[in-house]
Amino acid sequence: MTPTKLYCDFFGHNYQLSKKVTNHVKEYTCKCCKKQLTTDSNGKLIELTPKYQDINSELERIYSSRLMRLKQKTLSSSIY
Ligand SMILES: [Zn+2]
């Protein structure tokens, strides 16, 4: 067990937003011990396991492609 982990256990983790996956799903990393959390589909904070990393990267892919389509739609509609 490292001193930073001890610190976290004692004072609580120091989570900072590390990645915005979608508008509702975000990933957080502890500044001290690098433990990662993510928001699940219910908006609850849970540990970022490899399974959720997969889910999040898939979500991100869908989300960004949808954003792209939205942008293209806005672009083409602004021409007319
Ligand atoms: Zn921590």
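Suppose we filter GLU60, GLU27 for residues that are out of contact with any Lys or Arg (no Cβ under 7 Å at 6 or more places or on another chain) and either assigned to a loop (DSSP other than H, G, I, E, B) or modelled with pLDDT of 90 or more (or both); which single one remains? Quick ask: steps written out before the conclusion?
Values: GLU27 fails: out of contact with any Lys or Arg (no Cβ under 7 Å at 6 or more places or on another chain).
Step by step, each of GLU60, GLU27 is checked, and only GLU60 is out of contact with any Lys or Arg (no Cβ under 7 Å at 6 or more places or on another chain) and either assigned to a loop (DSSP other than H, G, I, E, B) or modelled with pLDDT of 90 or more (or both).
Within the range 13-24, being near the ligand (Cβ under 8 Å from one of its atoms) and either within 9 Å of the chain's Cα centre (by Cα) or not in a strand (DSSP E or B) (or both) holds for HIS13, ASN14.
For the range 40-51, name all the residues that are at pLDDT below 95 and surrounded by 11 or more Cβ atoms within 10 Å (Cβ to Cβ). Selection gives ASP40, LEU45.
Taking the range 1-18 as the range and being surrounded by 15 or more Cβ atoms within 10 Å (Cβ to Cβ) and in contact with an Asp or Glu (Cβ under 9 Å, 6 or more places away or on another chain) as the test, only SER18 passes. Can you name the residue in the range 19-32 that is buried (at least 16 other Cβ atoms within 10 Å of the Cβ) and touching a residue at least 24 places away in the same chain (Cβ under 8 Å) and is also farthest from ASP54 (Cα to Cα) among such residues? Residue satisfying both the conditions and the ranking: CYS32.
The set of residues in the range 34-49 being over 19 Å from LEU59 (Cα atoms) and in contact with an Asp or Glu (Cβ under 9 Å, 6 or more places away or on another chain) consists of LYS35 alone.
The values are calculated or read from the model by the stated rules, or taken from the named source; none is laboratory data. None of the values given here were measured: they were computed from a predicted structure. As a convention, Cβ positions derive from the backbone with ideal geometry for all residues, glycine included, and neighbour counts pool all protein chains shown.
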